[in-house]
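Rule-based calculations on the coordinates, nothing more; no lab input. As the structure is a computational prediction, the values presented were derived from the model and not from experiment. Every residue, glycine as well, gets a Cβ built from its backbone with ideal geometry; the counts of neighbours run over all protein chains shown.
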Amino acid sequence: MRQRLDQVVLADGTAVAYAVVGSGRPLVYVMGWLTHLELGWELPAERALYEGLARDGRLVRYDRAGCGLSAGTGRAASLEFELEQLGAVAATLGEPFDLMGTSMGAPVAVAWAADHPETVRRLVLYGGWVRGDELSAPGVRDHVLGLIESHWGLGSDVLTDIFAPDADRATRAELARYQRACSSAATARALLALSYQLDVTDRLGQVRAPTLVVHRTGDRAAPVAQAEALAGGIGGARLELVPGRSHLPYAGDRDELIRVVRRFLGLPVPRRRADGLTARQREVADLVRQGCTNREIAARLGIDERSAEGHVERIRLRLGFRSRAQIAGWVSENRTLG
C-alpha cells in the first residue's frame, strides 16, 4: 500500500498534514501523543498496523499541530484545538465515517462523537481514558513533565519503556529516537500535559455511535479501570480486553488488535496461520536460523537490506520474541518451516 499526503488549513492559518491509505469506506484514526506521518510509515510495526486497518477501506491519519509534518503554532494545546483539527480533516471526506482514537486520541474521539453524532458510524477506543488526572499520581506526572522539559532525550527513553515494554532494547531505542524526531521538547511536554488534563466524563452519555472499547490488560500507561469507565459510561459499548503490556497499538500482538477492530467494523478478518507468518517471513526466519545478517538475507533473497530488517522485525513482533536468537530457536523446533 502507498499513502497519499495532503494538508488542510484552519481558519487561523494552521496547516494540518494528513495521509490517506486505501480506498472505500473511511476510517479516521486519531493518533496518540506524538506522531510523524512519514517516519511512522517507515517503521515496519507501525506501518503493518495501518495497512491492516486500511485493507478493504480507507484509513485517514493526521499529524496534530507541532508534530511530524504539521508545523507548530502559537496556540496552546487544548481539547477545543484538537477537535478543530479533527474537524478540518473530517470535512475533506464529505460523508460519515468510522472513528478510531488511540491513547490521547481516544478522549478526543469521544468528544467528537458526542458533539457530532451524525458524522460517526462506529467508534473504536484503544488505550484510552475518561479522566487524564487519574492516569498516575500528581508527583509522577510532574516528574515526567519536568524530565521532558529539561532532558528530552532521557524523557523519551523513560516514556518508551512505559509505552512499549514488550519491545526489545534496540526497538525501544528506535522508538525513543522516533519520538524526538516527531516534535520539540516544548510541544511534547504541552501535549502530554494536555493528556493529563483531558476529562470527557460529561460527554460519555452523549455518544450515540456503536462503540468498541479495546484495551490491553497490562497497559502501563493507561489502567484497565479507565477502559472500564469508558465502556460503562457509553450506552451499549462493548469492552474487549486483550493480553499484553504495551500501550502503543503496534507493539506487542498487533495482529490480534487488528482482528478485533476489523471484526467490530464489519470488515473481513484475515485468518491467522498457526505460526502467524507469511511464506516470505518463514523463509526469512529460516535464514535467521542459519545465522545470516540482514545484509546477507537481503543478498540471498534479492531485496534491499532495509526490507530484510523489516521482515525480521515483523517476525519478532508476530511471534512475541525479543531477539533473533529466539527466532532461530523457534525455527529449529518447528520443522514445518521451509
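On the Cα set of region 133-193, report Rg and Dmax in Å, please.
Here Rg and the maximum Cα pair distance are 11.4, 32 Å.
What are the semi-axes of the equivalent ellipsoid of the chain, taken as the square roots of 5 times the eigenvalues of the Cα gyration tensor, listed largest first and rounded to whole Å? Mind showing how you got there, number by number?
Working: eigenvalues 212, 100, 81 Å².
Taking √(5λ) for each Cα gyration eigenvalue gives 33, 22, 20 Å.
Set the Förster distance to 22 Å, then compute FRET efficiency between Ile303 and Glu333 from the Cβ-Cβ distance, nearest 0.05. Can you show the working numbers first?
Numbers: r = 26 Å, r/R0 = 1.20.
Between Ile303 and Glu333 the formula returns 0.25.
What does DSSP give for the chain in terms of the percent of beta bridges that are antiparallel, rounded to the nearest 5?
On the way: 13 of 35 bridges.
Of all bridge pairs located within the chain, approximately 35 percent are antiparallel.
For a footprinting-style exposure proxy, rank Met31, Met100, Met1 by other Cβ within 10 Å, fewest first.
Details: Met31 24, Met100 27, Met1 11.
Starting with the residue having the fewest Cβ neighbours, the order is Met1, Met31, Met100.
Using the 10 angstrom Cβ neighbour count as an exposure proxy, how do Trp112, Trp33, Trp152 rank, fewest first?
Values: Trp112 26, Trp33 23, Trp152 19.
By the 10 Å Cβ count, ascending: Trp152, Trp33, Trp112.
Put +1 on the Cβ of every Lys and Arg and -1 on every Asp and Glu Cβ in region 42-164; which of Ser70, Val108, Gly87 then has its Cα farthest towards the positive end of the dipole?
Gly87
What list do you get for Leu154, Leu287, Leu53 if you sort them by fewest beta carbons within 10 Å? Walk me through the numbers on the way to the answer.
Values: Leu154 12, Leu287 21, Leu53 25.
Ordered from fewest to most neighbouring Cβ atoms within 10 Å, Leu154, Leu287, Leu53 come out as Leu154, Leu287, Leu53.
Considering Cα pairs under 8 angstrom that are at least six residues apart, work out the relative contact order of region 210-289 and quote it in whole percent.
Values: 74 pairs, mean separation 20.9, N = 80.
Relative contact order here is 26 percent.
Pop out the ³J(HN,Hα) list for region 128-133 in order, Karplus 6.51 cos²θ - 1.76 cosθ + 1.60 with θ = phi - 60°, rounded to Hz; leave Gly and Pro as x.
x, 7, 8, 10, x, 6
Stick to Cα atoms and the Kirkwood definition of Rh, then tell me Rg/Rh for region 279-333. Don't skip to the answer; put the middle values down first.
On the way: Rg = 9.9 Å, Rh = 10.8 Å.
A ratio of 0.92.
For the chain, what relative contact order do you get, as a whole percent, if you take Cα pairs closer than 8 Å and at least 6 residues apart? Walk me through the numbers before you get to the answer.
Values: 614 pairs, mean separation 56.2, N = 338.
Relative contact order for the chain comes out at 17 percent.
Residue separation times 0.36 nm, minus the C-alpha to C-alpha distance between Arg322 and Ala225: what's the value? Don't skip to the end; give the middle numbers.
Numbers: separation 97, 0.36 × 97 = 34.92 nm, distance 2.85 nm.
Here the segment from Arg322 to Ala225 would lengthen by 32.1 nm.
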